[in-house]
Amino acid sequence: MSNRLPPLNPLRAFEAAARRGSVSAAARELNVTHGAISHQIRALEESLNTVLFERGGKRLKLTSQGALLLPAVTEAFGGIAAATALMKRPATTGALTITCVPALLSFWIIPRLNRFTDQYPGIKLSLVASNDPAQVFSRDVDVSILYGDGNLPDCWTRLWRHLRLFPIASPTLLNNRPLRSIRDLTEHTLLHGDQDGREWNTWFAAADAVHLPRGPQHFMSDARLSTEAALHGQGIALGDTITAASLIARGELVVPFDLSVPANDAFYVACRQDVRAAPIVKVFIDWLFASLEEDSLPEPQISARMLLRGRGARTTENIQPASARAGRRKTAIE
């Protein structure tokens with residue numbers, strides 16, 4: 001078969017000249033001289049014993065024989081380029097162990113897991129709910145997604161997302177026991193996703209309500225548990241602009257107050273320096289950041305008001321602290 005094929009270089013010159021409509025443009029693309037392209041085209045025509053281009057015009061025009069040859073040559077070069085790209089593509093198969101903040105894992109990553117597995121079916125994931133920074137340095141862990149300050153020496157770290165925090169509650173709970181003002185929080189159980197209550201204290205400070213008496217309070221080990229407790233109507237938790245967004249959009253949670261505060265920490269992606277360049281690690285980290293950019297997250301306050309109306313609840317004006325009235329705080333998903 002190889003004896004019946006024209007030589008490769010003349011075919012490249014012919015395809016480039018035909019596609020670009022100019023010998024000069026083909027020469028620039030292939031990084032050769034104008035004369036080299038002309039010589040290669042003449043050699044191909046002699047090899048095939050036919051004329052491929054009509055001479056004389058400013059722009060090259062294919063003859064009927066040239067028009068017959070071009071699609072086959074273009075397809076052949078395209079196939080070669082595609083096969084070469086596949087050969088050079090890093091291997092993306094194997095096992096990958098990910099540790100992740102429990103709330104982010106449950107409410108954000110797992111709902112999107114099929115997107116990753118569809119794109120990389122050869123990767124077997126092991127997912128561990130954990131926010132322990134020490135696991136970044138474990139030889140059994142490949143990538144960690146942590147909630148913290150990002151201060152992890154001797155490893156690769158990149159900020160994934162800043163957060164804002166705001167109260168969230170079950171619509172059933174608010175229908176039975178409305179929140180018409182911040183003072184009504186004293187009649188509800190506060191659900192803490194941290195052990196020291198720092199996040200709720202930050203929110204009350206922004207609401208000019210630091211000295212507001214507190215009702216019953218439950219402290220939980222992480223935000224996943226406090227969010228689940230809120231889903232079951234056990235009290236009012238603090239949600240964030242990532243993990244609570246889809247729950248609000250589906251109507252499972254509502255936002256009773258138009259006030260949010262920056263979270264004390266943020267989500268970071270981290271791994272050991274020696275595994276950062278591994279193709280299987282790289283594709284997961286790239287997917288993680290790309291998914292965040294692609295997703296259009298809902299505006300929590302708009303969702304809350306619409307849902308409250310839709311459920312027939314009494315609609316009252318969201319109460320803002322005095323410090324917020326002069327300039328309305330925007331709590332859009334960042």
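Within region 1-35, track down each residue that is of a type in the set (A, V, I, L, M) and within 18 Å of Arg59 (Cα to Cα). Show your work before the answer.
We begin by selecting, within region 1-35, every residue of a type in the set (A, V, I, L, M); these are 1, 5, 8, 11, 13, 16-18, 23, 25-27, 30, 32.
Within region 1-35, Ala13, Ala16, Ala17, Ala18, Val23, Ala25, Ala26, Ala27 qualify.
Quick one: would you say Val269 is at pLDDT 95 or above, touching a Ser or Thr at 6+ places or on another chain (Cβ under 8 Å) and not acidic (Asp, Glu)? Explain how you work it out, then say what you get.
Details: at pLDDT 95 or above: yes; touching a Ser or Thr at 6+ places or on another chain (Cβ under 8 Å): yes; not acidic (Asp, Glu): yes.
Judged against the criteria, Val269 is a match.
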- request: Enumerate the pairs (first residue in region 98-115 and open to solvent by 40 Å² or more (accessible area, probe 1.4 Å); second residue anywhere and not in a strand (DSSP E or B)) with beta-carbon separation below 7 Å, excluding pairs fewer than 6 apart on the same chain, so at least 6 apart or on different chains.
  value: Pro111/Ser246; Arg115/Ser291
message: Considering only region 24-43, I want to know if a residue exists there that is among the small types (Gly, Ala, Ser) and in contact with a His (Cβ under 7 Å, 6 or more places away or on another chain).
response: yes
field: Residues satisfying the stated conditions in region 15-54, i.e. touching a strand residue (DSSP E or B) at 6+ places or on another chain (Cβ under 8 Å), closer than 23 Å to Ala81 by Cβ and not in a loop (DSSP other than H, G, I, E, B)
entry: Ala17, Ala18, Ile41
query: Ala249 versus (1) open to solvent by less than 30 Å² (accessible area, probe 1.4 Å); (2) modelled with pLDDT under 95; (3) hydrophobic (A, V, I, L, M, F, W, C): which is the lone unmet condition?
result: (1)
field: Out of Thr84, Thr99, sole residue that is out of contact with any Phe, Trp or Tyr (no Cβ under 6 Å at 6 or more places or on another chain) and at pLDDT 90 or above
entry: Thr99
- line: Conditions (1) in contact (Cβ under 8 Å) with a residue 60 or more places away in the chain; (2) open to solvent by less than 50 Å² (accessible area, probe 1.4 Å); (3) aliphatic (A, V, I, L, M) -> Leu159 fails only (2)
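Every residue, every condition in (1) touching a strand residue (DSSP E or B) at 6+ places or on another chain (Cβ under 7 Å); (2) closer than 30 Å to Asp194 by Cα; (3) open to solvent by less than 70 Å² (accessible area, probe 1.4 Å), yes or no:
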position: Gly66; (1), (2), (3): yes, no, yes
position: Ala72; (1), (2), (3): no, no, yes
position: Ala76; (1), (2), (3): no, no, yes
position: Ala82; (1), (2), (3): no, no, yes
position: Ile123; (1), (2), (3): yes, no, yes
position: Ser130; (1), (2), (3): yes, yes, yes
position: Ser138; (1), (2), (3): no, yes, yes
message: Which condition from (1) without any contact (Cβ under 8 Å) to a residue 40 or more places away in the chain; (2) surrounded by 15 or more Cβ atoms within 10 Å (Cβ to Cβ) is the one that Ile182 breaks?
response: (1)
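In region 192-226, which residues are within 15 Å of Phe257 (Cβ to Cβ), surrounded by 14 or more Cβ atoms within 10 Å (Cβ to Cβ) and touching a helix residue (DSSP H, G or I) at 6+ places or on another chain (Cβ under 7 Å)?
Matches in region 192-226: Ala207, Asp208, Ala209.
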- line: The number of residues in region 230-280 that are part of a loop (DSSP other than H, G, I, E, B), of a type in the set (A, V, I, L, M, F, W, C) and touching a residue at least 24 places away in the same chain (Cβ under 8 Å) is 8
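Could you list, in sequence order, the residues of region 137-157 that are over 14 Å from Ala266 (Cα atoms) and in contact with a Phe, Trp or Tyr (Cβ under 9 Å, 6 or more places away or on another chain)? Give the derivation first.
From region 137-157, those over 14 Å from Ala266 (Cα atoms) are 137-143, 153-156; that's our starting set.
Correct list: Asp142, Val143, Asp154, Cys155.
Within region 145-168, track down each residue that is farther than 22 Å from Phe204 by Cβ, of a type outside the set (A, V, I, L, M) and more than 16 Å from the chain's Cα centre (by Cα).
Initially, region 145-168 is screened for residues farther than 22 Å from Phe204 by Cβ, giving 145-146, 148-161.
From what's left, of a type outside the set (A, V, I, L, M): 148-151, 153-158, 160-161.
Across region 145-168, the qualifying residues are Gly148, Asp149, Gly150, Asn151, Pro153, Asp154, Cys155, Trp156, Thr157.
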- request: Return the pairs, sorted by first residue and then second, in which the second residue is modelled with pLDDT of 55 or more and open to solvent by 30 Å² or more (accessible area, probe 1.4 Å), the first residue lies in region 289-302 and is assigned to a helix (DSSP H, G or I), the beta carbons are less than 7 Å apart, and the residues are 6+ apart or on different chains.
  value: Ser291/Arg115; Leu292/Arg161
- prompt: Taking region 200-229 only, how many residues are part of a loop (DSSP other than H, G, I, E, B) and among the aliphatic types (A, V, I, L, M)?
  reply: 5
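Name the single residue, out of those in region 48-64 being more than 14 Å from Arg20 (Cα to Cα) and modelled with pLDDT under 90, that is most open to solvent (accessible area, probe 1.4 Å).
Keep residues of region 48-64 that are more than 14 Å from Arg20 (Cα to Cα), which gives 48-52, 54-57, 63-64.
Filter once more, so that each one left must be modelled with pLDDT under 90: 54-57.
Working: Glu54: 92, Arg55: 143, Gly56: 84, Gly57: 57 Å².
For region 48-64, the residue satisfying everything is Arg55.
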task: Determine whether region 230-242 contains at least one residue that is surrounded by fewer than 17 Cβ atoms within 10 Å (Cβ to Cβ) and either under 19 Å from the mean Cα position of the chain (by Cα) or among the hydroxyl-bearing types (Ser, Thr, Tyr) (or both).
output: no
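The values are calculated or read from the model by the stated rules, or taken from the named source; none is laboratory data. Since the model is a prediction, treat every value here as computed from it, not as a measurement. All Cβ positions, glycine included, derive from the backbone under ideal geometry; neighbour counts span all protein chains shown. What goes into the accessible areas is simple: the full protein's heavy atoms, side chains included, and nothing from ligands, DNA or RNA. Shrake-Rupley method; radii C 1.70, N 1.55, O 1.52, S 1.80 Å.
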